[in-house]
Amino acid sequence: MILFTGFEPFGGAEENPSRLASQEAARLSAAAGRPAVHVELPCTFAGSRAALAAAIEAYRPELILCAGLAEGRERISLERVALNLMDARIPDNAGAQPVDEPVEPGAPLALPARMPVKRIKAALEAAGVPTELSLSAGSYVCNTVLYAALRLAPEGVPVGFVHVPLAEQMPVATQARALALIAATVLEDPEELRVPGGAEY
Ligand code: PCA
């Protein structure tokens, strides 16, 4: 079972494309013979982690693929790292605004995403989807969810986070296709490609 997650709207927006894309990706994956479920996470530091933990417990997924909106990014953005840091620019949907607090006290500062992001980038670009690797998921709820997912998921279960653009930048249908393709790529071959993918800054 693949677990796709997306977020509810936040910051006063009416919609969040990540929940629409995640829901549609689950449908596409199931239709292609890969059982999948979509869970919508609240955009709150505490609630998102609780919902994620409950979903992992309930579905025991073989792959966890979380998505969130990154306004200002124009491509499918594959997160490589989660930081043990919460530093919220705006309050979350429950009014919480942690400043410079760890996601999990005493845990490592950074954790690598458990997904072959370079292999995925190649697959998405071959399918015509603009894609980039990202070295920061920020310090808001999305980064917290990736960090928490990496701590919660049983060993051997791939975990990844994808930031999607606004629907005006990339249609939700394309985002959904990308998420389903990411899941298929990871399940087919979880090994990373040995190709350069870094940036100087
Ligand atoms: N994007 C925010 C949180 C929820 C979402 O969709 C983020 O990037 O942290």
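Some points to look at:
- Reciprocal mean inverse distance between Cα atoms of region 41-105 - Kirkwood radius, Å: 13.8
- Centroid-to-centroid separation of region 87-134 and region 43-59 [C-alpha atoms, Å]: 16
- Loop sites in region 112-201: GluC sites (Glu not before Pro), DSSP, at most 14 other Cβ within 10 Å: GLU155, GLU168, GLU191, GLU192, GLU200
- Mean ellipticity per residue at 222 nm, deg cm²/dmol - from DSSP H runs of n ≥ 4 across the chain, formula -39500 (n - 2.57): -11000 deg cm²/dmol
- Loop trypsin sites (Lys or Arg not before Pro), region 1-102 (other Cβ atoms within 10 Å of the site Cβ: 12 or fewer; DSSP): ARG89
- Fraction of antiparallel bridges per DSSP, the chain only, in percent to nearest 5: 25
Just so you know, all these numbers are worked out from the coordinates, no wet-lab data involved. The model shown is predicted, which means the values in this text are computed figures rather than measured ones. No Cβ is skipped: glycine too gets one built from the backbone with ideal geometry, and neighbour counts run over all protein chains shown.
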